[in-house]
1. For region 24-46, what are the residues that are touching a residue at least 24 places away in the same chain (Cβ under 8 Å), closer than 21 Å to F70 by Cβ and out of contact with any Pro (no Cβ under 8 Å at 6 or more places or on another chain)?
2. Among the listed residues E92, E21, which satisfies the condition of being without any contact (Cβ under 8 Å) to a residue 12 or more places away in the chain and acidic (D, E)?
3. Considering each residue of region 67-93, count those that are open to solvent by 20 Å² or more (accessible area, probe 1.4 Å) and touching a helix residue (DSSP H, G or I) at 6+ places or on another chain (Cβ under 8 Å), and give that number.
4. Based on this model, can you work out whether T212 counts as part of a helix (DSSP H, G or I), open to solvent by less than 60 Å² (accessible area, probe 1.4 Å), more than 24 Å from F5 (Cα to Cα) and at pLDDT 95 or above?
5. I'd like to check something: does region 100-108 contain any residue that is more than 16 Å from the chain's Cα centre (by Cα), in contact (Cβ under 8 Å) with a residue 60 or more places away in the chain and buried (at least 24 other Cβ atoms within 10 Å of the Cβ)?
6. List the number of the failed condition for E240; all other conditions in (1) in contact (Cβ under 8 Å) with a residue 24 or more places away in the chain; (2) open to solvent by less than 80 Å² (accessible area, probe 1.4 Å); (3) of a type in the set (D, E) hold.
7. Provide a single number: the residues in region 149-189 that are under 21 Å from L90 (Cα atoms) and touching a helix residue (DSSP H, G or I) at 6+ places or on another chain (Cβ under 6 Å).
8. Just the residues that are open to solvent by 100 Å² or more (accessible area, probe 1.4 Å) and under 22 Å from A117 (Cβ atoms), please, taken from region 197-209.
Amino acid sequence: MRIVFMGTPDFAVESLRQLVENQYNVVGVVTMPDKPSGRGHKVHFSPVKEYALANNLPLLQPERLKDEQFLDDLKSWNADLQIVVAFRMLPEVVWNMPPRGTFNLHASLLPQYRGAAPINWAIINGEQQSGCTTFFLTHEIDTGKIVLQEKIPILQTDNAGTMHDELMKMGAKMVCRTVDLIENNEENAIEQFNFLPKNEELKTAPKIFRETCRLNTELPVNEAFNFVRGLSPYPAAWTEIRINENAEPIILKIFETEKIFENHNFENGTFVCDRKTFAKIALSDGFLLLKSIQAPDKKRMATEEWLRGFR
């Protein structure tokens, strides 16, 4: 089959690489337009674009997915099947174009955690398992019929970064198997409601913004611990600390913590440290011990290293 691949970040590159290296017929790639980023606002290519250029794959970068020129160019590739991994929401005129349809790889056990940040929210909510799902696109986002679904445990030592890498690798293999099933007319896609256990609450995975990442010090220890690892290493949980009442607040990003369960008399959110070896945040049922943090204009470092240099 003639395949068009659509994606942008690193998570998508692994699927594209598996398709190319296993000699699937990828006739074109669609990714986001180049945008300036970082210090100096230099223009950077998306990871998918870099891979496509390195492997001489035809490339489109539309500003608007309903643009007539883009639609004409896409149609000229004469794709049998389109694959979407970590891309934009497609209009029907795009996802309905190829005769074998368009399928998406989503990093959750659909219908749970529909939305932009499924890996983060599954960990934040303390789930013990996650996984990947391939499904056909339809009008409502993340609701189409499921082709494949696989599960993977979430360990207490996992964070968003480790789960991202595990699901990226697992998902790339699922993409190839999904193509094989479709090519052989064996996909047997199933409605999503069949995958939701009876009476189980449906959870969503909305986009994460800066204010979403602020640590709520009214949370108990377990929930605060999950919140931090669900946002680590990116975009990272953060909190404000004050050394005394008159001091300017210092914003700390938090990457790694440990749980301490004990009774104490501190007010929730109190920053407790010995100025040498440890720092912790008081919560209702104990403390969140800060292990790895980042202060403004500093690199990420162990908490004790930051304390040694901080006055």
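The values are calculated or read from the model by the stated rules, or taken from the named source; none is laboratory data. Values in this document were obtained by computation on a predicted structure and should not be read as measured data. Every residue, glycine as well, gets a Cβ built from its backbone with ideal geometry; the counts of neighbours run over all protein chains shown. Keep in mind that these areas ignore ligands, DNA and RNA; they rest on the heavy atoms of the full protein, side chains included. Shrake-Rupley method; radii C 1.70, N 1.55, O 1.52, S 1.80 Å.
1. Within region 24-46, V26, T31, M32, D34 meet the criteria.
2. E21
3. Summing the residues that are open to solvent by 20 Å² or more (accessible area, probe 1.4 Å) and touching a helix residue (DSSP H, G or I) at 6+ places or on another chain (Cβ under 8 Å) in region 67-93 gives 4.
4. Yes.
5. Looking through region 100-108, at least one residue is more than 16 Å from the chain's Cα centre (by Cα), in contact (Cβ under 8 Å) with a residue 60 or more places away in the chain and buried (at least 24 other Cβ atoms within 10 Å of the Cβ).
6. Condition not satisfied by E240: (1).
7. Result for region 149-189: 2.
8. E201, K207, F209
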